[in-house]
Every structure is written in C-alpha cells, then in structure tokens.
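Take a look at the structure set out below.
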Amino acid sequence: MEPITVEFPLRGDWTAGHTPAEKVPSHGVDLLGQTYAYDFLRVDWNKEGFLFHPKSTLRYFTIGVNVKDCFGYGEHIYSPVCGDVVVAKDGLKDHQWLHPIIDLLAVYARGAYVGFSRNPNLHKVIGNYIILKIEGLEAYAFFAHTKKGSIKVKEGEKITYGQHLADVGHTGNSTAPHLHFHIMDRVDILTAKGLPCNFKEYESFSNGSWISKKNDIPEKRERIRVK
C-alpha cells in the first residue's frame, strides 16, 4: 500500500517515540486505527536519557514533574492536509503531574478498559482530539492528546495546510506531553483501519548537520525539525 504524503504537523525540533519506521503496528496493536501511528515529543538533546523535562531523573522517579515544565507542552499543532473537520472533542483536563510508575499503570488500566468494554468512553483514553477528512481521499487524519481548551477549529469547518488546529497536550492515555498522529480509513475510531503515511519534507540531524528529507518516515528517536 502506497503511503499518503502529508505535511509535518509541528514546527521546530521533535523526535518520534513511536513510529512505523521501527515496527508495524507501531504501538503494538491495530486497535483504534493506529497501525501506522506516530508519537512526537520534544526532548533535551544536550543531555543523555531522552529527557522530555529539565528535572533530574531522581526527581522524576520520586516527586514527579509538573506538566508545565515539560518540553513541547503547549506547542502549536498545524494541519498537514486540506480538508474538513468532522470531529473536534475538547474539555478533558490535562494530567498536571507526571510520574513514570503511576503513569504507566494508568496507561495499562485505560488500555484494558478499551479492550474489554463493549462501549468504552474513548475521550478518557485518547484525550482531546481532532479528526479531519482529507480532501480528495477516503482517509482521515487523527490528532490526539491535545491540551484542554486549545482546539481552534469547529466541526464542519474547512481546513487548509498549515492552519493552527490545537496545542500539544497531556490528556488521556499519555505518559508525557506529545502529539499522537495517524491516518485511518474511516471516521469511526473503533472500526477504523490504519493507513500508512509519510511526510513531504523535514530535516534530520546527523553527524553534526541537518539533512533534508522528502516523502520520508522518521526513525525512532531521530532528531527532526521543520521550520
């Protein structure tokens, strides 16, 4: 299946925590149309450990970290396609405090809830989210975990490339502020099948310099940017 090429939905310096370049399905399951899904987050490249916050590892594992201190939190999400807003769901609060053990247990609990419930409340799992119908295709772009109150678009609204959709948040099944993004074949998340996609243009940092990439898929923990 040929991938759908879209613009990159963020600006600045990012990396992929999950990507279909590493494995398919990228999140270990095909559930919720996320076979080819990406998770993008911002980290400190000047320190070892793939840290998404400026605090010490000891602090993170003991006291925890406030979401407002995390890199990438509140950064703008831009539309990578032209199309129409079919779903825009806001209102869920961001998790204010991050702790690795507590967060991991919560992720497993919410995942089990979706797997075993006949009629799950997906808002609690995927957080605040947007679904766009891609112009000219039977395909839908999905953006999850957005910051509460940040969604700038309304259902039924026509969207153009680069339009500000929402901000990166920490809602739903999230262990750090990030953007979950994928393309799927229908608007119903419970029955949707994932569709592969790549990104029209971005830069990759390698051996001390930035290299242009076109119609490509970011590797796991690859440092990438879009100006």
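Taken together, the values in this text are just the output of simple stated rules run on the coordinates, not laboratory data. Here the structure is a predicted model, which means the values were calculated and not measured. With ideal geometry, Cβ positions are generated from the backbone for all residues, glycine too; neighbour counts draw on all protein chains shown.
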Spin-label zone in the range 14-50 - amide nitrogen under 14 Å from a point set 7 Å from the Cα of residue 185 along the C-beta vector: 30-36
With R₀ set to 41 angstrom, the calculated FRET efficiency between the beta-carbons of residue 58 and residue 123, to the nearest 0.05, is 0.75
Backbone N under 14 Å from the residue 193 label point (7 Å along Cα→Cβ), restricted to the range 15-50: 30-36
Cross-link reach list, aspartates and glutamates versus residue 124, counting only Cα pairs under 15 Å and skipping chain neighbours closer than eight places: 90, 94, 103
Above-threshold pairs, the threshold being 32 Å between Cα atoms, out of 23/158; 93/213; 55/227; 23/154: 23/158; 93/213; 23/154
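Between residue 152 and residue 200, what's the calculated FRET efficiency when r is the beta-carbon distance and R0 is 25 Å? Round to 0.05.
0.65
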antiparallel share of DSSP beta bridges within the chain, to nearest 5, in %, is 90
Which distance in nm do the two modelled labels at residue 137 and residue 1 give, with both placed 7 Å along the Cα-to-Cβ direction? 1.1
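Please list, by residue number, every one of the trypsin sites (Lys or Arg not before Pro) in the range 1-65 that is coil in DSSP and has at most 11 other beta-carbon atoms within 10 Å.
Within the range 1-65, the qualifying trypsin sites (Lys or Arg not before Pro) (loop, at most 11 other Cβ atoms within 10 Å) are 23, 47.
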